[in-house]
Amino acid sequence: MIQDDTTEKSVFEEIPTEKIYSKKAISTATFFGGPLVAGYCIAENFKTFNESEKARNTWLITGAFTIVIIAIAFNLPENFPTIIFPVIYSGVASYLIHTYQEKNIQKHVDNGGSTFGGWRVFLISILSVIILLGLILSSAYLFLGE
């Protein structure tokens, strides 16, 4: 009888020791904490998966995306529904995770690796909101005057 070795785990495959951020955690944190959370968590996952160039590119994209969002926010009418922003950047983050990390995340978990807990993601979200507010207030001061 021929045995299919591709479906069995190797006894020599190591259990991952580093933690990663799950898709659900990143998407939820991004909705509440903004695009900086997505950039941080996705970049950290890329580092764990030994894809440092993708981690660097994630930060470049995150920075550009954040600047664009701030610029757009200053040019919207007062009664514009701001809930659109979290929906958009959460959707973008979910798409990017699905496209570039979902297989690695699943493999990590299937091999016994663990993910970061909710409190860590919550604290990162809070820190992101503080940084984002600082950027917005700084931008308002620089471009709109005193």
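The values are calculated or read from the model by the stated rules, or taken from the named source; none is laboratory data. Keep in mind that this is a model prediction, so the values were computed, not measured. Ideal geometry is used to build each Cβ from the backbone, glycine not excepted, and the neighbour counts take in all protein chains shown.
Things worth noting here:
Yes or no, residue by residue, for (1) within 20 Å of residue 106 (Cα to Cα); (2) at pLDDT below 95:
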{"site": "4", "(1), (2)": "no, yes"}
{"site": "9", "(1), (2)": "yes, yes"}
{"site": "13", "(1), (2)": "yes, yes"}
{"site": "20", "(1), (2)": "yes, no"}
{"site": "34", "(1), (2)": "no, yes"}
{"site": "37", "(1), (2)": "no, no"}
{"site": "40", "(1), (2)": "yes, no"}
{"site": "49", "(1), (2)": "yes, no"}
{"site": "55", "(1), (2)": "yes, no"}
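- Top-ranked residue of segment 110-126 - restricted to ones that are out of contact with any strand residue (DSSP E or B) (no Cβ under 7 Å at 6 or more places or on another chain), touching a residue at least 40 places away in the same chain (Cβ under 8 Å) and not in a loop (DSSP other than H, G, I, E, B), ranked as nearest to residue 34 (Cα to Cα): 125
- Pairs, first in contact (Cβ under 8 Å) with a residue 12 or more places away in the chain and closer than 14 Å to residue 97 by Cβ in segment 46-59, second part of a helix (DSSP H, G or I) and of a type in the set (A, V, I, L, M), C-beta under 6 Å, six or more apart: 46/55; 55/43; 58/42; 58/43
- Residue count for segment 45-69 under the criterion of being more than 27 Å from residue 83 (Cα to Cα), surrounded by fewer than 21 Cβ atoms within 10 Å (Cβ to Cβ) and within 12 Å of the chain's Cα centre (by Cα): the result is 1.
- Taking segment 83-96 as the range and being exposed (fewer than 15 other Cβ atoms within 10 Å of the Cβ) and assigned to a helix (DSSP H, G or I) as the test, the residues that pass are 84, 87, 88, 91, 95.
- Residue ID - farthest from residue 120 (Cα to Cα), chosen from residues in segment 12-38 that are of a type in the set (Gly, Ala, Ser) and either in contact with a strand residue (DSSP E or B) (Cβ under 8 Å, 6 or more places away or on another chain) or crowded, with 24+ Cβ neighbours inside 10 Å (or both): 34
- The single condition from (1) part of a helix (DSSP H, G or I); (2) out of contact with any Pro (no Cβ under 7 Å at 6 or more places or on another chain); (3) of a type in the set (Phe, Trp, Tyr) that residue 80 fails is (1).
- The selection criterion, being more than 23 Å from residue 135 (Cβ to Cβ), loosely packed, with under 11 Cβ neighbours inside 10 Å and among the polar types (S, T, N, Q), holds for residue 99.
- Residue count, segment 86-99 (criterion: touching a residue at least 40 places away in the same chain (Cβ under 8 Å) and closer than 14 Å to residue 35 by Cα): 9
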